[in-house]
Each structure stands twice: as C-alpha cells, then as structure tokens.
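Inspection log for the structure reproduced underneath, given as structure tokens.
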Amino acid sequence: MTQFTIIETPIPGLKVIVRKTVADQRGFLSRLFCSEALNVAGWQGPIAQINHTFTEECGTVRGMHFQYQPHSEIKLVSCIRGKVLDVVVDIRSDSPTFLQWYGAVLSAENQRALLMPEGFAHGFQALTDKSELIYLHSSAYSPNDECGLNPCDPLLAIQWPLEILDMSMRDRNHPLLDDNFHGLQF
C-alpha cells in the first residue's frame, strides 16, 4: 500500500499530497516524506532544510516568499496543527499559468500537503489559532537570493478567506508587481 495519494492541480507541476494514516486505539502513524514515493510527484534532490513555523493568531498571513536561482527550491509543506489556506503563485516565466495562484486547505486532520516545484512563491493564511507547519526544502535558505510578492497585490488577486489580522512589515512592504517582473526562468 502506498503511503500517499497524489492529486494533480490546474497548475502544471503543483501537486496536493494526501498522506495515508495507519491508526489504532493508540493513535496513528503518518509518513511525512518518502523520497521514493514522492520522486514520481516531482521531488528531486535532497532535503537540504526543514523549517517549522508556529502562527499564533487566526487570520495571520505569511508570504509570498521565494528564492532566485541558484537557490530556488522545491517545497513540501504540511500542517501538523490547526488549519491554513496554503497558497502558491506560479512565477515561472515560461509557464502557461504564469502569475496564477492556487490555494489548498491543509490541516492536521486532512493529512494533506502541498508539493511545489521550483518557480513558485509560497505563503499561507492561518484559519485557526496556533497553527503549525513543517516545510521541507530542496535548497537551503539564502538571504542574498530571497524575495517575495506582496500578498495583497491586486494583480495576483489572492482571495484570502479571512480578514488579514496580522502580517510582517517585510511581507506588507513587498512592492506590487509591474511590467518589470518577468518571473523565474528554468
């Protein structure tokens, strides 16, 4: 029995991963990652970094972050506590879905994760208090190559389900997109 169900999304390369659990009276076991199983879904390379975020307040938005090459990264994002709307924006310049966004509800209960290839900006909105995420990255954080999109950019028109109650100044101050943004080339 495979540990994952892989669901295609409307954006090429972007996958929803549903983890299968094995449960009994003690609780359950769920596999977060298996390179052999996830290679077919698009995971390539090593796990270079694992991050854990905790978001205190429902309505908080974090993102939309990405890294330029050579540190662009594949990410596998899972919610291990609470519930979030996880959102990605396709910033691959040659993609037919360039600047389109996709959102998936991730929660501890639904056992879903979002697997995004290189060339996506990522963020989320906490839909419950005390939400926690685990991120697996194929490339380590590089401060010189990091960037972000403004989560409130009208060109992106991300439909955040709740009023945005909190956001970092860094995320709020990312400039709005204009004709000078051509995305990332692969």
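Could you tell me which residue of region 30-62 is farthest from T5 (Cα to Cα), considering only residues that are among the aliphatic types (A, V, I, L, M) and not in a helix (DSSP H, G or I)?
Once the filter is applied, the top-ranked residue is V61.
Taking P96 as meeting all but one of (1) under 21 Å from E146 (Cα atoms); (2) in contact (Cβ under 8 Å) with a residue 60 or more places away in the chain, write down the number of the exception.
(1)
Surrounded by fewer than 15 Cβ atoms within 10 Å (Cβ to Cβ) and polar (S, T, N, Q), is that true of N150?
No: the conditions fail for N150.
Do we have any residue at all in region 22-29 that's surrounded by 14 or more Cβ atoms within 10 Å (Cβ to Cβ) and either β-branched (V, I, T) or in a strand (DSSP E or B) (or both)? Write out each step before concluding.
Going through region 22-29, the residues surrounded by 14 or more Cβ atoms within 10 Å (Cβ to Cβ) turn out to be none.
Checked region 22-29: no residue is surrounded by 14 or more Cβ atoms within 10 Å (Cβ to Cβ) and either β-branched (V, I, T) or in a strand (DSSP E or B) (or both).
Taking interchain pairs and intrachain pairs at least six residues apart, which have beta carbon atoms under 7 angstrom, with the first residue in region 134-163 and outside any helix (DSSP H, G or I) and the second crowded, with 17+ Cβ neighbours inside 10 Å and charged (D, E, K, R)?
Y135/K75; L136/K75; H137/E73; H137/K75; S138/E73; S139/E73; G148/D171; P151/D171
Considering (1) without any contact (Cβ under 8 Å) to a residue 60 or more places away in the chain; (2) within 17 Å of T55 (Cα to Cα); (3) within 13 Å of the chain's Cα centre (by Cα), say which one A121 fails and leave the rest.
Among (1) without any contact (Cβ under 8 Å) to a residue 60 or more places away in the chain; (2) within 17 Å of T55 (Cα to Cα); (3) within 13 Å of the chain's Cα centre (by Cα), the lone unmet condition for A121 is (2).
Can you name the residue in region 63-103 that is in contact with a Cys (Cβ under 9 Å, 6 or more places away or on another chain) and not in a strand (DSSP E or B) and is also farthest from I11 (Cα to Cα) among such residues?
G82
Please specify each residue of region 1-41 satisfying the condition of being within 16 Å of E118 (Cβ to Cβ) and out of contact with any strand residue (DSSP E or B) (no Cβ under 6 Å at 6 or more places or on another chain).
P12, G13, L38, N39
Values in this text are rule-based calculations from the coordinates and carry no lab data. Since the structure is predicted, the reported quantities are computational estimates derived from the model, not experimental observations. Positions of Cβ are backbone-derived with ideal geometry, glycine not excepted, and every protein chain shown enters the neighbour counts.
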